[in-house]
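Reviewing the structure listed below.
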Amino acid sequence: MMVKNYFKIAWRNLLKSKIYSAVNILGLAAGLASFIVILLYLNYELSYDSWNPELKKVYKVSIYEKGDYLRSSYAPLANFLAQNYPNAEAGTAVQGGMDFDVLLNANDKKIYQKGFVTVDSSFLKVFPYKIVRGDVKSALNKPDAIVITEELAHKLFGNNDPIGKPIKVFNRFTGTVTAIMQQPETPTHFNAQILMRSSYNEQYKNWGNQSYQTYIKLKQPVTEAKLEDDINRFYYNERLKTGNQSYKEYKKAGQKSYLFTDAVPEIHNFPKHGESNFTTVSILLILAILLLLAGTINFSNLAIARSIGRAKE
């Protein structure tokens, strides 16, 4: 009964001071709503590449050469590190413009699709995509094998089974669907929709080809500083060494070429070089706090002013 009376009194006060009540409530609601919306966006941005714990052991390996930090790397680098670095569980070299539309022909349908990537046979050993149809171990064993997402499978084949069906890419290459993968639940910097095993195996042996992105998965977690030192030691001894100069002497003299790494969960917001989303995230976080404070202070000031006015009455 007491609670009911409190509601009646509150309702009368609201009706008695409609303008004051509207300004007070709307100001606080706007501040709180803006705060929540920005927090949701920040949560989305900071959740990049968190869809599988195994990604904490995956690193992108890039090259510094002749004063430039390159986003791409040598075609054989992934296999070289996988074979020579003892803590490497697997390495993969990928190539593709995931932001560009690619023409796909399948099942009498033609569509343009983003997220096309050519990969090697080790890709699924590094990136732990969940395979919902097909065999993860053999999905990329054969040249021109294709793995697509559930969403793309539905676009091209509807409710029909796509396994074993051909897909023509660029009106030039034809591959066969071997597996269907599940799209990650959280956003990822590597937004692949269609993986195609490259049929050009010789290109992975060409150290003159710098058009690939290299990723390695570690057996055991190590600090990034140790990882970079280890792989650069192997890289120097096998690829760069001339004469009797040791790796230590090479470092001391100032490296003209070296490898650097980015942990996959940090690539979107905290890359070592290149564009970063960190500034935007920081500004939005500050804005969210200011909006909440502004709404709260406004509510408090109006409430205090109202109380003073009632006291004078």
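Values quoted throughout were computed directly from the atomic coordinates according to the rules given, and no laboratory measurement underlies them. Keep in mind it's a predicted model, so treat the numbers as computed, not measured. As a convention, Cβ positions derive from the backbone with ideal geometry for all residues, glycine included, and neighbour counts pool all protein chains shown.
In this structure, the residue pairs whose Cα-Cα separation is over 25 Å, taken from 110/130; 109/205; 66/205; 248/272; 226/256; 66/248, are 110/130; 109/205.
Any idea what the dipole of the range 53-266 comes to, in debye rounded to 20, about its Cα centre with Lys/Arg Cβ at +1 and Asp/Glu Cβ at -1? Mind showing how you got there, number by number?
Details: 29 positive and 23 negative charges, 73 e Å.
In debye, rounded to 20, the range 53-266 gives about 340.
With loop defined by DSSP as not H, G, I, E or B, and exposure as at most 16 other Cβ atoms within 10 Å, which is the longest segment of the chain clear of exposed chymotrypsin sites (Phe, Trp or Tyr not before Pro)? If you can, show how the numbers build up before the last one.
Numbers: sites that count: 100, 170, 200, 207.
Longest site-free region, per DSSP loop and neighbour criteria: 208-313.
Relative to the current alpha-carbon distance between residue 50 and residue 275, full extension at 0.36 nm per residue lengthens the span by 79.0 nm. What the phi angles of the range 127-132 give under the Karplus curve with 6.51, -1.76 and 1.60, with θ = phi - 60°, is a coupling list of 9, x, 5, 7, 8, 8 Hz, glycine and proline written as x. Under 5 Å between amide hydrogens, built in the peptide plane, is the criterion, and for residue 102 it picks out 113, 114 among residues at least 5 positions away or on other chains. Placing a label point 7 Å from the Cα of residue 43 along the Cα-to-Cβ direction, the residues of the range 172-212 with a backbone N closer than 18 Å are 185-188. Since only 27, 62, 48 are under comparison, the one whose Cα sits farthest along the positive direction of the charge dipole of the chain, derived from C-beta charges on Lys, Arg, Asp and Glu, is 27.
Evaluate the Kirkwood expression for the hydrodynamic radius of the chain, namely the inverse of the mean inverse distance over all pairs of different C-alpha atoms, and round to one decimal in Å.
On the way: mean 1/r = 0.0424 Å⁻¹.
One decimal place: 23.6 Å for the Kirkwood radius.
Under the classification rounded if a/c is under 1.5, otherwise prolate if a/b is larger than b/c and oblate if not, where does the range 29-185 fall, given a ≥ b ≥ c as square roots of the Cα gyration tensor eigenvalues? In terms of gyration-tensor shape, oblate.
Would you calculate, for the chain, the mean residue ellipticity at 222 nm contributed by helices, counting each DSSP H stretch of 4 or more residues as -39,500 (n - 2.57) and dividing by all residues, to the nearest 500?
Details: 8 runs with 118 residues, N = 313.
Rounded to the nearest 500, it is -12500 deg cm²/dmol.
Membrane-span-like helices in the chain, defined here as complete DSSP H runs extending at least 24 Å along the helix axis by their C-alpha atoms with mean Kyte-Doolittle hydropathy no lower than 1.0, are 18-46, 278-312; this is a sequence and geometry rule, not a statement about a membrane.
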